[in-house]
Amino acid sequence: MAEYTDHDGGAGDDVPDLSDSDNEEQWQWMEANDNNVQVTCLFCDKMSNSGPETLQHCLVEHQVDLVEVVKKHKLDDYGYIKMINYIRTEKCSGQSLSTLPECSIPWESDEYMRPALQDDPLLQIDLEELCEGMGMLVGPSTGGQCEASRSSDALLQRAQAAEERAQRTEEALARAMDDLHKLKLLAQGLVLNADVGRGTGSLGAVAELREDEDEAYFSSYGHYSIHEEMLKDKVRTESYRDFMYLNPEVFKDKVVLDVGCGTGILSMFAARAGAKMVIGVDQSEIIYQAMDIVRSNQLQDRVTLIKGRIEEVKLPVEKVDIIISEWMGYFLLFESMLDSVLYARDLYLAEGGSVYPDRCTISLAAVGDTEKHQDRIAFWDDVYGFKMACMKRAVVPEAVVQVLKPDTLISEPAVIQGIDCNAVSLSELEFASDFCLKITDSTDCTAIVGYFDIFFDRDCGNKVMFSTGPQVTKTHWKQTVFLLENPIPVQAGEELQGRITVRKNKKDPRSLFITFDLHDMKQTYSLQ
């Protein structure tokens with residue numbers, strides 16, 4: 001890509017200094033480079049030396065005035081590019097192109113943004129300059145050819161000036177975006193410091209993520225497959241449905257906020273349960289499908305969907321009565337979406353309102369699965385006669401998400417953390433807790449498993465709960481398994497005591513570090 005000079009000097013070696021003294025020599029240099037361009041006609045195999053020459057050939061030989069086509073269909077730069085690629089891809093005739101009605105544009109699909117011809121010079125033509133300059137190029141006389149040459153020179157000068165302006169504009173835009181991000185963080189900090197609602201006094205690492213830093217997370221929820229998996233999880237989806245449909249008095253005439261609404265299923269449950277207004281917010285691209293889904297079910301009068309992060313959008317109301325969200329990740333807290341729910345709670349939830357689900361617990365249990373341990377850990381002791389035990393240092397610290405066989409549990413479960421979603425603060429989502437596992441089988445403890453339970457209790461005449469534990473119907477959350485490098489011999493009836501510490505990864509606040517102090521062993525696991 002060429003390098004351009006700014007007003008302060010400094011330029012690429014390949015671009016001449018366009019001073020008045022060398023003007024003739026420099027134009028010769030640029031014209032020599034232009035003469036090397038070979039442009040293929042859109043409708044035949046004729047090769048020309050420039051884009052404008054090719055377009056004039058199309059006019060004379062094929063009776064297709066591309067400038068008029070551009071004007072007729074009011075094409076912008078993208079529309080022009082799509083049109084060129086459409087003509088080359090579909091090999092349409094000049095007659096069919098000229099006779100297209102104004103309302104019919106067959107190249108609207110984004111697939112025509114992909115070049116049909118590599119390094120196609122026609123795609124490099126500036127549309128505005130094309131429309132201004134082609135009038136001087138079309139003329140049967142020799143004088144018209146001179147006009148064309150002078151027009152080409154003028155176009156080159158204007159192009160260079162436009163490129164320099166564009167470069168300066170890009171630099172100014174980058175500075176402005178950086179300043180805007182700093183102002184946004186300052187404004188959010190001022191809001192929370194003013195003690196709005198039940199403010200935590202801190203934005204939290206997730207809220208402070210820039211959109212480009214959080215793009216991968218929201219992109220993963222833009223594809224239909226992850227939503228299909230969640231919707232087909234009957235334990236999850238039917239629990240939310242039953243909570244709302246069996247407790248219509250909770251939702252009657254209420255304003256409801258759905259944080260991370262996805263396909264809009266929870267929003268529509270709430271509307272059918274009697275809510276007078278439901279606002280769904282989601283940053284991922286799936287929200288466009290959700291809008292169609294809401295309209296298809298004639299709920300657009302009660303369900304409003306907004307694209308954006310809850311930390312950045314402006315709601316059409318000041319307060320809501322209920323916040324619903326399916327925010328849970330692996331081991332409950334992975335992905336840190338609860339942070340966004342708490343942000344919404346502190347800013348928008350009315351006095352006496354409630355977040356649902358309103359209560360959650362995290363539990364641990366001991367696992368004795370020698371076969372799995374052999375397959376994942378002991379395997380590295382002897383690999384085809386070679387010692388690879390050093391690989392354990394890479395394998396062990398990665399928490400494993402899987403469906404655990406119930407018969408591998410060798411202890412009673414122990415709850416290590418409870419969360420009240422209406423009262424918990426952001427800082428309490430990082431914690432340490434002692435635990436005691438009562439062993440039920442005499443064997444080797446090869447791992448610790450973690451899972452969570454969810455409760456819809458507050459103000460509910462019909463309480464609903466579900467578990468993601470290995471003893472019940474499996475969910476898409478499965479269980480989180482922490483493999484021990486060295487199994488611990490245990491006896492039925494004894495107690496296996498330890499301590500767990502859960503904290504966010506400071507470099508990626510949506511992932512977790514989970515540390516176990518257990519039986520003179522300390523190991524940190526990552527969940528990411």
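The values are calculated or read from the model by the stated rules, or taken from the named source; none is laboratory data. This structure is a prediction, so every number in the text was calculated from the model and none was measured. Every residue, glycine among them, receives a Cβ derived from its backbone with ideal geometry; neighbour counts consider all protein chains shown. Accessible surface areas use protein heavy atoms only, side chains included; no ligands, DNA or RNA. Shrake-Rupley method; radii C 1.70, N 1.55, O 1.52, S 1.80 Å.
Results, tabulated for the structure shown:
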| read-out | value |
| --- | --- |
| Label point distance in nm, LYS307-VAL383, each placed 7 Å from Cα along Cα→Cβ | 4.5 |
| Accessible area of the range 334-449 divided out per residue, in Å², using a probe of 1.4 angstrom | 44 |
| Förster radius 25 Å - calculated FRET efficiency between MET521 and SER433, Cβ distance, rounded to 0.05 | 0.90 |
| Stretch gain in nm, segment HIS476-GLN374, where the contour uses 0.36 nm per residue and the Cα spacing is subtracted | 34.2 nm |
| Most to least packed among 99-110, 422-433 [average Cβ atoms within 10 Å] | 422-433, 99-110 |
| Listed peptides 327-338, 395-406, 50-61 by packing density, highest first (mean Cβ within 10 Å) | 327-338, 50-61, 395-406 |
| LYS405-ALA166 FRET efficiency (beta carbon distance; Förster radius 51 Å; 0.05 resolution) | 0.25 |
| Modelled label reach - ILE226, point 7 Å along Cα→Cβ, the range 306-330 residues with backbone N closer than 14 Å | 326-330 |
| Qualifying trypsin sites (Lys or Arg not before Pro) for the range 298-347 [loop in DSSP, other Cβ within 10 Å: at most 16] | LYS314, LYS319 |
| Carbon plus sulfur fraction of accessible area for the range 403-515, probe 1.4 Å, in percent | 46 |
| Proximal lysines relative to LYS405, as straight alpha-carbon distance under 18 Å, when same-chain residues fewer than 8 apart are discounted | LYS372, LYS474, LYS478 |
| Whole-number accessible area per residue in Å² for the range 207-326, which is evaluated in the context of all protein chains at 1.4 Å | 46 |
| Carbon plus sulfur fraction of accessible area for the range 39-131, probe 1.4 Å, in percent | 46 |
| Sites GLN38 and GLN124 - FRET efficiency at Förster radius 22 Å, r taken between beta-carbons, to 0.05 | 0.95 |
| Accessible surface of the range 207-326, 1.4 Å probe, proportion on carbon and sulfur as whole % | 49 |
| Alpha-carbon centroids, the range 263-339 and the range 391-434: separation in whole Å | 28 |
| Difference of contour (0.36 nm per residue) and Cα-Cα distance, LEU246 to CYS390 | 46.4 nm |
| Estimated distance in nm for a label pair at GLN497 and GLU412, the labels positioned 7 Å out from Cα along Cα-to-Cβ | 1.7 |
| Cα gyration tensor shape for the range 359-527, rounded if a/c is under 1.5, else prolate or oblate | prolate |
| Separation of the MET113 and ASN297 label points, Cα + 7 Å toward Cβ, nm | 3.1 |
| Qualifying trypsin sites (Lys or Arg not before Pro) in the range 361-391, DSSP loop, other Cβ atoms within 10 Å at most 14 | LYS387 |
| Most positive-pole-ward Cα, SER511, PHE482, THR501, against dipole of the range 437-528 from beta carbon charges | SER511 |
